[in-house]
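Remarks on the structure that follows.
The values are calculated or read from the model by the stated rules, or taken from the named source; none is laboratory data. Keep in mind that this is a model prediction, so the values were computed, not measured. Glycine also receives a Cβ, built like all others from the backbone with ideal geometry; neighbour counts cover every protein chain displayed.
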Amino acid sequence: MTAPLSGVTILDLTHVLAGPFCATTLADLGARVIKVERPGTGDDTRAFPPFVHGQSGYFAALNAGKQSIALDLKSAPDRAIFDRLVARADILLENFRPGVMDRLGYGWDALHRRHPRLIYGAVSGFGHSGPDADKAAYDMVVQARGGVMSITGEEGGPPVRVGASIGDIVAGMYLAQGVLAALFARENTGEGAKIDIAMLDAQIAIQEHSLAITAATGHPPGPTGARHPTITPFSTYRAADGFFVIAAGNDALFARLCAVLDLPVADDPRFATNAARCDNVHLLKRLIEAVTLEHPVSHWIAALDAAGLPTGRVQTMLEAMRDPQVLARNMVVPVMPAPGGPGFTAAGNPIKMSTLPDPVSRGPAPRLDEHRDEILRWLDAGDA
């Protein structure tokens, strides 16, 4: 099988999370990713814990299988190498503040004139337009400003950051989508394109229920804890030994849930429709937990599974990484150690395609500037 992006070369100037996440997604689809890093320090995440034998597990999980070359884009010799790399690349990714690449002479306009087929992917906090384009941002900043933190946490509690770095990760996903669309379009036009992804934009785009509620009512929703704001019962519930999820998304599933719990409220006007159940969500939760507290989580998972009801144990990350379904789909894989180096663990490729091998491991994470000689030989061979 040939991976769909086999033969595609990416210059990845990004660091930390959003850009590297995008590059990893494209690498999983077969692209060659050449990570261009700062001499001396490299990607910031090389200094992020946890460490194994002095090397970052965080960096390894995000950059396994990529190649590294260290270049100072203010140095004439390194710029000469970078110019040769750009001439051979299909895609350039960067996540500097708007204007940085222009000042270096490698902004979209300059590169597009010299290399019209090059696809230029940029991700930043606020994008390359608008009054705040020049402002700095991290994941937590856009979670806060984009409204996500206002709906996260327990009802009546303070705003809470989502545990996963969705400000970065969602932006990285949108960047990958834009790059793939530009590659497809280039097949017809022969022209590359600029993709401008703002982390703040991405936070707005993922809030389907919050935006709809606010637009329809004029009142923004607040946090609702684990429960869904417009579907009931759709939340976590206590069992005798822990928490599990019940997601009864329609009236038929609710009737089936009442049968499993021996709870005679399916026809009660207070609970007969989803709207009524949402109005009486706290009462319904008390009624359900009066039953579920009598048995352990395993009992309720088995009973609800048998009835075809959507359910799941609330698992720790350790439990999730050992989940047979997760393991069967190769979603937790080893990062192979570099010679003399430690091994790590990373997420597998969630994109399963009939034409794409699903690897059971990832290649080693690169040491800083590890592939300089190999990359230079590749450039020389192309010039011959």
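Among the residues in segment 177-185, are any in contact (Cβ under 8 Å) with a residue 24 or more places away in the chain and either loosely packed, with under 15 Cβ neighbours inside 10 Å or not in a helix (DSSP H, G or I) (or both)?
Scanning segment 177-185 turns up no residue that is in contact (Cβ under 8 Å) with a residue 24 or more places away in the chain and either loosely packed, with under 15 Cβ neighbours inside 10 Å or not in a helix (DSSP H, G or I) (or both).
Quick check on segment 202-212. Is at least one of its residues without any contact (Cβ under 8 Å) to a residue 12 or more places away in the chain and in contact with a helix residue (DSSP H, G or I) (Cβ under 8 Å, 6 or more places away or on another chain)?
Going through segment 202-212, the residues without any contact (Cβ under 8 Å) to a residue 12 or more places away in the chain turn out to be 208, 211-212.
Among the residues that remain, those that are also in contact with a helix residue (DSSP H, G or I) (Cβ under 8 Å, 6 or more places away or on another chain) are: 211.
The answer is yes, given that some residue of segment 202-212 is without any contact (Cβ under 8 Å) to a residue 12 or more places away in the chain and in contact with a helix residue (DSSP H, G or I) (Cβ under 8 Å, 6 or more places away or on another chain).
Mind checking which helices (runs of 4 or more DSSP H) fall wholly inside segment 265-384 and carry at least 1 residues that are under 30 Å from residue 86 (Cβ atoms) and in the same structural domain as residue 81 (by TED's automatic domain parsing)?
So the answer is 372-383.
Could you check segment 4-16 and list, in sequence order, the residues that are over 17 Å from residue 187 (Cβ atoms) and either of a type in the set (Lys, Arg) or more than 21 Å from the chain's Cα centre (by Cα) (or both)?
Result: no residue meets the conditions.
In segment 186-201, what count of residues is obtained for those that are touching a residue at least 24 places away in the same chain (Cβ under 8 Å) and either acidic (Asp, Glu) or touching a Phe, Trp or Tyr at 6+ places or on another chain (Cβ under 6 Å) (or both)?
Here the count works out to 7.
Looking at the structure I just gave you, is residue 113 surrounded by fewer than 20 Cβ atoms within 10 Å (Cβ to Cβ) and modelled with pLDDT of 95 or more? Before you say what the answer is, go through the steps one by one.
Values: surrounded by fewer than 20 Cβ atoms within 10 Å (Cβ to Cβ): yes; modelled with pLDDT of 95 or more: yes.
Judged against the criteria, residue 113 is a match.
Can you say whether residue 277 is more than 26 Å from residue 176 (Cα to Cα) and surrounded by 13 or more Cβ atoms within 10 Å (Cβ to Cβ), as far as the supplied structure shows? Break it down into steps so the answer makes sense when it comes.
Values: more than 26 Å from residue 176 (Cα to Cα): yes; surrounded by 13 or more Cβ atoms within 10 Å (Cβ to Cβ): yes.
Yes, satisfied.
Search segment 51-63 for residues that are in contact (Cβ under 8 Å) with a residue 40 or more places away in the chain and among the β-branched types (Val, Ile, Thr) and pair each with any residue that is surrounded by 21 or more Cβ atoms within 10 Å (Cβ to Cβ) and assigned to a strand (DSSP E or B) when their beta-carbon atoms are under 8 Å apart and the residues are at least 6 apart or on different chains.
Pairs that qualify, where the first residue is in contact (Cβ under 8 Å) with a residue 40 or more places away in the chain and among the β-branched types (Val, Ile, Thr) and the partner is surrounded by 21 or more Cβ atoms within 10 Å (Cβ to Cβ) and assigned to a strand (DSSP E or B), are 52/344.
Residue 334 versus (1) farther than 24 Å from residue 9 by Cα; (2) crowded, with 16+ Cβ neighbours inside 10 Å; (3) touching a Lys or Arg at 6+ places or on another chain (Cβ under 9 Å): which is the lone unmet condition?
Only one criterion is unmet by residue 334, namely (2).
Give segment 135-171 a look and list any residue that's surrounded by fewer than 19 Cβ atoms within 10 Å (Cβ to Cβ), among the hydrophobic types (A, V, I, L, M, F, W, C) and in a helix (DSSP H, G or I), or say none.
140, 141, 144, 169
Can you work out which of the residues in segment 262-274 that are in contact (Cβ under 8 Å) with a residue 12 or more places away in the chain and surrounded by 10 or more Cβ atoms within 10 Å (Cβ to Cβ) is farthest from residue 231 (Cα to Cα)?
Narrowing segment 262-274 to residues in contact (Cβ under 8 Å) with a residue 12 or more places away in the chain: 262-263, 265-266, 270-274.
Those still in the list that are surrounded by 10 or more Cβ atoms within 10 Å (Cβ to Cβ) too: 263, 265-266, 270-274.
Numbers: 263: 19, 265: 17, 266: 15, 270: 14, 271: 12, 272: 13, 273: 10, 274: 6 Å.
Only one residue tops the list, namely 263.
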